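The structure under discussion appears below in the form of structure tokens.
The values are calculated or read from the model by the stated rules, or taken from the named source; none is laboratory data. Keep in mind it's a predicted model, so treat the numbers as computed, not measured. Cβ placement follows ideal geometry from the backbone for every residue including glycine, while neighbour counts extend to all protein chains displayed.
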Amino acid sequence: MKRILLWTGVGIGTAGIVVLLILLFCTCTFGNHQFLNATCETPETCARCGQTRGEALGHDYAAATCETPETCTRCGLTRGEALGHDYAEATCLAPETCARCGQTHGEPLGHSMTDATFQTPQTCVRCGYTEGEPIAAALAGKPLNELTVGVPAPYTTASYEDRDVDVTGTVEITNYVVTEGSEVFPPRDGYEWHIATIELVFSGDDARKNGAQSAVTFGDYYLIDDQIAAREDENGLRPFVADWYGVRVQCWQKTGPNEEADWYGRELRFTWREGVLVPKGYDGVLLIFYNYRLFGDSTRLYLPASEVLDETTPVFRMK
């Protein structure tokens, strides 16, 4: 018995179906492209037929760093060169450090400290860092009978005729200036003159009978004794040494001419100027008025401050 297959509609058979499936899944005949994502240099591209759509993304370059050139954040492509490190010099507290990325190289320098002086504590010569306190002045905290410009203060000294007899008057700094210099007080580069005008006034029976003999010496607030030389040079200058920021520096003292030394009515009055030539800003010189009787038989021009200074001795700090 024969079997008859009847086709009840339009058909393509098994072979046709296979062909359709191949065309559908293996080709882009029906527009079914398989687009791959766009890249920096290519647009979206069909993996089967190569058809493209849209545009390539283009490179997205991150800025260059010290160690890498400009680099695309998507594909890693580079261009140019790495910047290289920009190292700032090492400091006392930090090693060489890149200004861009912070990478360090080497070690900090560490502080280079000077010794403390009377004017400054220990100080780093590189960065200015300080540690501790300045050296204490020899007279710091000591009671001093300091004179004020324009204010007379009691002053006792030996009489001129009899050293065993004391006379009491007043001492006054009537004027005080800090100046570059003058004809009487010659200038010097890097120095300044500190000049005090002094007035001593004595009255009373002992002064009228025996006169008065004043005694003035110089000291140093920091060192006490200035060691002023007894001999003066051709300009009337007597050298001494002061400690200025840890350095022993040459200074000079000069006594100006007497402007007044005589009796005025019942008063014996002396007026003159004392000047010291010191580095600009130096504030340590002391002008000390002591009792002439302390000289005894000494032939020295000045007595050291340490021998005559006590809490009653009139003192003027030339600062």
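Between 311, 260, the distinction of being at pLDDT 85 or above and either over 15 Å from residue 144 (Cα atoms) or not β-branched (Val, Ile, Thr) (or both) belongs to 311 only.
Rundown of residues vs (1) aliphatic (A, V, I, L, M); (2) at pLDDT below 95; (3) out of contact with any Leu (no Cβ under 9 Å at 6 or more places or on another chain); (4) loosely packed, with under 14 Cβ neighbours inside 10 Å, yes/no style:
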| residue | (1), (2), (3), (4) |
| --- | --- |
| 133 | no, no, yes, yes |
| 139 | yes, yes, no, no |
| 148 | no, no, yes, yes |
| 151 | yes, no, yes, yes |
| 158 | yes, yes, no, no |
| 161 | no, yes, yes, yes |
| 172 | no, no, no, no |
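The single condition among (1) modelled with pLDDT of 90 or more; (2) out of contact with any helix residue (DSSP H, G or I) (no Cβ under 9 Å at 6 or more places or on another chain) that residue 304 does not meet is (1). May I ask you to verify whether residue 252 is within 19 Å of residue 181 (Cβ to Cβ), in contact (Cβ under 8 Å) with a residue 12 or more places away in the chain and touching a Gly at 6+ places or on another chain (Cβ under 6 Å)? Judged against the criteria, residue 252 is not a match. When residue 119 is tested against (1) within 30 Å of residue 216 (Cα to Cα); (2) more than 25 Å from the chain's Cα centre (by Cα), only condition (2) is not met.
Listed by position, the strands (runs of 3 or more DSSP E) inside region 93-197 whose residues that are closer than 30 Å to residue 312 by Cβ number at least 2 are 153-158, 166-179. For region 77-92, which positions are part of a loop (DSSP other than H, G, I, E, B) and farther than 23 Å from residue 124 by Cβ? Within region 77-92, 77, 80, 81, 82, 83, 84, 85, 86 meet the criteria. Would you confirm whether any residue within region 215-223 is hydrophobic (A, V, I, L, M, F, W, C) and assigned to a loop (DSSP other than H, G, I, E, B)? For region 215-223, residues hydrophobic (A, V, I, L, M, F, W, C) and assigned to a loop (DSSP other than H, G, I, E, B): present. Mind telling me which of the residues 88, 56 ends up being of a type in the set (A, V, I, L, M, F, W, C) and over 42 Å from the mean Cα position of the chain (by Cα)? Only one candidate qualifies: 56.
Can you tell me which residue within region 265-293, out of those that are more than 22 Å from residue 149 (Cβ to Cβ) and either in a loop (DSSP other than H, G, I, E, B) or out of contact with any strand residue (DSSP E or B) (no Cβ under 7 Å at 6 or more places or on another chain) (or both), is modelled with the lowest pLDDT? Here the answer is 265. Residues that are touching a residue at least 40 places away in the same chain (Cβ under 8 Å) and surrounded by fewer than 18 Cβ atoms within 10 Å (Cβ to Cβ) within region 182-196 comprise 184, 186, 188, 190, listed in sequence order.
Each row is one residue, and each column tells you yes or no for (1) farther than 23 Å from residue 140 by Cα; (2) among the hydrophobic types (A, V, I, L, M, F, W, C); (3) out of contact with any Cys (no Cβ under 9 Å at 6 or more places or on another chain).
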| site | (1), (2), (3) |
| --- | --- |
| 200 | yes, yes, yes |
| 231 | yes, no, yes |
| 236 | yes, no, yes |
| 243 | no, no, yes |
